[in-house]
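Quick notes on the structure that follows.
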Amino acid sequence: MIINKIRFGVSAVRILNKFTEDFYAANFTKAFETLGFPQSQINIGKKQINLIGVPHKHVGDQYLDDLTDIILKNNESAFMVQVDPSPYLYHKRQLQKQYHKNIDPIPNQGIFNQLPLIPLDLQELEVDFNLFDALHFIRENKELNTEQKQNVLKILENKQTGYFQGFFSSLNDKKNKTFTEELEKQCDQVQQQFGDLLQNTVLYNNQSQMLDYSKLTMFQGLYMALLKGSKVFLNDLSQIYLRIYSGRTLSLEQAQDQFQNICAEAIQQDNIPVHVYFRFQNAAWLQMATEYFLVYNVNKFVEQEDEDQLTGILNLNQIVLVDQLHYDPLKIIFEAQNGKIIKEVQQSYFQEFSFPQSEFKESDEQLIEKHAIFDSLQVKLWNEPCINNPFPYISVDYTQLSPVEQKELQQLYLKYSTKYETVVQKANQKYEQSK
């Protein structure tokens with residue numbers, strides 16, 4: 001079992017190693033049956049966090065009212081939201097490289113040169129409104145002249161007010177005045193523009209097909225908190241590292257058997273899609289790996305004791321929104337800290353996801369087939385812009401392969417991807433018809 005292979009050595013979170021497969025199976029079932037937003041106030045260090053579980057099950061629109069209440073009632077709050085930061089970091093770093101001539105290079109080595117999705121620090125995970133203003137400016141001006149490029153840089157450096165921040169600032173000036181019908185229409189238009197840009201910036205291109213209620217609600221919470229003007233931080237483990245780990249520890253035969261069992265189970269049911277079955281079958285190691293990362297970042301979130309370290313967060317309430325799947329495990333872990341802050345080196349975690357030396361002797365074609373299986377069962381990552389190396393099992397540096405070698409890998413992948421995706425689509429037919 002994979003759960004026996006993933007054992008984190010960090011003493012402060014040793015309780016993770018005590019969670020069994022039975023614990024995670026029961027927790028998974030509970031998460032998909034729980035209604036509402038469970039909450040716990042937990043002291044960590046000198047601060048108190050409000051840990052909130054985002055449900056997978058909704059009845060009517062009450063969840064949206066509850067979510068709105070959570071966001072709006074916490075006026076002086078900083079939010080940490082469980083959203084994979086990889087697409088956001090990609091867009092942010094692309095703009096930095098293009099417009100900041102003197103920016104410090106992002107340190108990468110080995111596999112992380114091809115998969116540079118590790119946040120450098122907590123501050124890089126803060127969602128920067130300037131980024132969205134800069135992206136909007138670029139999209140509105142297809143061919144930028146020299147002056148316009150300088151405007152992008154000024155927006156990124158907060159030296160020039162962009163479209164969204166300018167509009168919301170003007171609303172604050174009018175908050176005590178009567179809104180006209182025209183202004184209300186303008187508000188709807190700007191909010192829709194921001195929502196579309198936010199979706200294109202923080203979600204994977206293929207993720208919309210697999211947004212369950214929890215992820216959709218999490219995105220809505222992110223959207224509301226940003227529109228409210230709160231400080232928001234993204235906090236989740238990049239999908240690519242989970243994919244690498246699964247490719248290293250499951251043989252092709254094991255992956256094929258799991259694929260067949262999951263699809264067969266989905267065909268017999270009509271209310272659960274294939275990707276949810278995959279998460280259930282692998283709940284133990286998928287959750288354990290993610291929870292280590294969440295624990296680390298939440299501790300960093302509350303550790304800030306100096307305004308200069310993370311501007312403006314010192315005296316704010318700290319709200320942590322997590323998938324309901326992680327609520328109980330994290331609550332147990334945080335309470336077990338007995339008010340202390342975990343101070344561990346983040347890189348010790350990523351040693352678990354170093355260049356994937358496979359535990360099995362498999363050919364390149366077998367590795368590619370296995371990769372196609374995981375892509376068919378989860379979010380398709382191989383063609384995402386933020387993934388520099390779509391085939392990390394084959395080469396640590398994909399760009400060093402010849403064009404002929406790259407094409408051969410792509411053709412192999414497409415061959416097996418078509419094969420397995422066809423089966424998944426058939427297995428999901430009942431679910432799609434029941435929606």
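Okay, residues lined up against (1) part of a helix (DSSP H, G or I); (2) modelled with pLDDT of 85 or more; (3) of a type in the set (D, E, K, R); (4) over 22 Å from Val54 (Cα atoms):
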site: Leu183; (1), (2), (3), (4): yes, no, no, yes
site: Gln186; (1), (2), (3), (4): yes, yes, no, yes
site: Gly195; (1), (2), (3), (4): yes, yes, no, no
site: Ser214; (1), (2), (3), (4): yes, no, no, no
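Counting only helices (runs of 4 or more DSSP H) wholly contained in segment 15-119, the ones carrying 2 or more residues that are at pLDDT below 80 occupy 62-73, 86-99. Just the residues that are part of a helix (DSSP H, G or I) and under 16 Å from Ile368 (Cβ atoms), please, taken from segment 392-407. Listed by number, the residues that qualify are Tyr398, Val404, Glu405, Gln406, Lys407. Given the structure, is Ile267 among the hydrophobic types (A, V, I, L, M, F, W, C), modelled with pLDDT under 85, assigned to a helix (DSSP H, G or I) and open to solvent by 50 Å² or more (accessible area, probe 1.4 Å)? Judged against the criteria, Ile267 is a match. Can you name the number of the only condition in (1) over 28 Å from Leu367 (Cβ atoms); (2) in a helix (DSSP H, G or I); (3) modelled with pLDDT of 90 or more that Gln220 fails? Against the list (1) over 28 Å from Leu367 (Cβ atoms); (2) in a helix (DSSP H, G or I); (3) modelled with pLDDT of 90 or more, Gln220 comes up short only on (3). Annotation note: Cβ proximity below 8 Å between a residue of segment 38-54 that is of a type in the set (Lys, Arg) and a residue that is open to solvent by 10 Å² or more (accessible area, probe 1.4 Å) and not in a strand (DSSP E or B) (sequence gap 6+ or interchain) occurs for Lys46/Glu305. Within segment 252-277, residues that are within 20 Å of Glu369 (Cβ to Cβ) have Cβ atoms under 7 Å from residues that are in a loop (DSSP other than H, G, I, E, B) in these pairs: Leu252/Glu362; Val274/Asn428; His275/Gln378, counting only partners at least 6 apart in sequence or on another chain. Only a single item in (1) modelled with pLDDT of 90 or more; (2) exposed (fewer than 13 other Cβ atoms within 10 Å of the Cβ) is not met by Tyr416, and it is number (2).
The values are calculated or read from the model by the stated rules, or taken from the named source; none is laboratory data. Just so it is clear, the model here is predicted, and its values are computed rather than measured. With ideal geometry, Cβ positions are generated from the backbone for all residues, glycine too; neighbour counts draw on all protein chains shown. Quick note on the areas: whole protein, heavy atoms, side chains included, nothing else; ligands and nucleic acids left out. Shrake-Rupley method; radii C 1.70, N 1.55, O 1.52, S 1.80 Å.
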